[in-house]
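Computed from the coordinates by the stated procedures, all read-outs in this text should not be read as laboratory data. The structure displayed is predicted, hence computed values, not measured ones. So basically every Cβ, Gly included, is an ideal-geometry build from the backbone, and we count neighbours across all protein chains shown.
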Amino acid sequence: MNNELTRRDFLRSSALIALGLAAPPWLAEIARADILKLAKGGKVSPDNILVVCQLSGGNDGLNTVIPWSDANYYRVRPTLAVPEDQVLKATDDLGFHPSMTAFKELYDQKQVAIVQNVGYPNPNRSHFRSMEIWQTANPDKVEAYGWLGKYLDNQAKAGSINPVVAIGLTQTTPVALKAKQVSVPCFASLADIRGLIGDPDEERRLREAQGGMADGSASTIREANLAALDAMSELNKVLQTYESKFEYNQDNFGRGFQQIAQIIATSAKTRVIYFSAGGFDTHSQQKDQHARLLQQFSDALNTFMKEMKAIGKAEKVTVLVFTEFGRRVAENNSQGTDHGSGNVLFVAGPQVEGGFIGEKPDLVNLDRGDIRWKIDFRQVYSTVLDEWMGADSATLFGKAFQHVPIF
């Protein structure tokens, strides 16, 4: 089929997509993607699954992974520093926040890699811009497509990929999942899928609205829409067949990881799941809020990994945990911390080489009051894409980045 669309074809295609309430946004985008893509080469990695967890707001890495042996830590954080006798000590220099007992358990089992001093050149302290940089993997210019979107586009070069190969548990599509050819369905919760596809009348209306046009691009759109509906309908059915035997806390992290476990347990075609939880922008009264968030995250991740082991999926799952920037080394006058740069990043799963990667934070040789970055976050992305997902990160990012010893 000729991939160049005529203006008439495009207008006809757009008309079909825009038939009143004919299709929800994710379905319409999948159709557009199927029309516009050029299909040849590549395929999705057959077994491995990548879960990306975004800690929105800028997690305070220094009170997450604590340099407890460094007197400078206590000097610059007179009210926020965690007392040495409360730190969950991991090495002679570093330990974890006392609320992270469940995370420490994973560390002791060598299931967590802690990458230190992560950042990028000319760090940006704006939430919006820094998150955009992390999600597009490009600090040099604004991009429309994300690092995972580029990965999915590359997989699509072999032809149509399953519409649920990637899923976002997010209210809107994060930049990381935006792609030129592939569209990723994103839902605030799995209940939204049931609300759309689980209603027989609603699903029948969506299918009937695709029409019977069988020529050119209109036919391609119709087929793409129906394939997407078939995939989502099947996902909705299998999701309801699984009942977790693990108890998660009913907070944002608990609900998020519980739903991720449900997807992995039932959806054999899903390879990428993206999830975010906020609250980490702790400018004031940080102590209690940060402790609560770290406990919620740690408990949920630990329970999730136990469930993956119980269902025989642990060896196939890797979890990447990031945030848009760190916090300033010194606390502010409001018993909080302001936007910084260098930070820690976690990669969890049985297949990782657990432990610390990189030097401990240097709290003396700072960059405008921030920890200096020493490991480019794209080194971590490249390692995960190449060694876990079987991708070619140099092609996706336009250059090769040195891998870090995660796996």
Original post:
Over the range 287-370, one equal point on each Cα, no solvent: what is log10 I(q)/I(0) by the Debye formula at q = 0.21, 0.24 Å⁻¹?
Top reply: -1.11, -1.24
**OP:** Give the residues of the range 49-90 whose amide nitrogen is closer than 19 Å to a point set 7 Å from the Cα of Q285 in the direction of its Cβ.
**Re:** 60, 79-81
Subject >> Mean-position separation - Cα centroids, the range 325-354 and the range 261-278, in angstrom >> reply: 25 Å
**OP:** Report, to two decimal places, the Cα Rg of the range 261-407 normalised by 2.2 N^0.38 Å (N = number of residues).
**Re:** 1.19
**OP:** In nm, give the distance between the simple-model label positions of Q402 and Q240, each being 7 Å from the Cα along the Cα-to-Cβ direction.
**Re:** 5.4 nm
**OP:** Please arrange W373, W134 by counting, for each residue, the other beta carbons lying within 10 Å of its beta carbon, fewest first.
**Re:** W373, W134
Original post:
How much length, in nm to one decimal, is gained on full extension between N249 and R292, taken as 0.36 nm per residue of separation minus their Cα-Cα distance?
Top reply: 14.3 nm
**OP:** List the relative contact order of the range 56-180 as a percent without decimals, with contacts defined as Cα pairs under 8 Å and 6+ residues apart.
**Re:** 18 percent
Subject >> Long pairs among K141/K374; K150/K178; K104/K245; K237/K306; K141/K178; K141/K360, criterion Cα-Cα beyond 19 Å >> reply: K141/K374; K104/K245; K237/K306; K141/K360
Original post:
According to a simple spin-label model (label point 7 Å from Cα along Cα-to-Cβ), what is the distance in nm between R194 and S126?
Top reply: 4.1 nm
**OP:** Can you pull a Stokes-Einstein diffusion coefficient for the range 333-377 at 37 °C (0.692 mPa s), Rh from Kirkwood over Cα pairs, as a whole number of µm²/s?
**Re:** 256 µm²/s
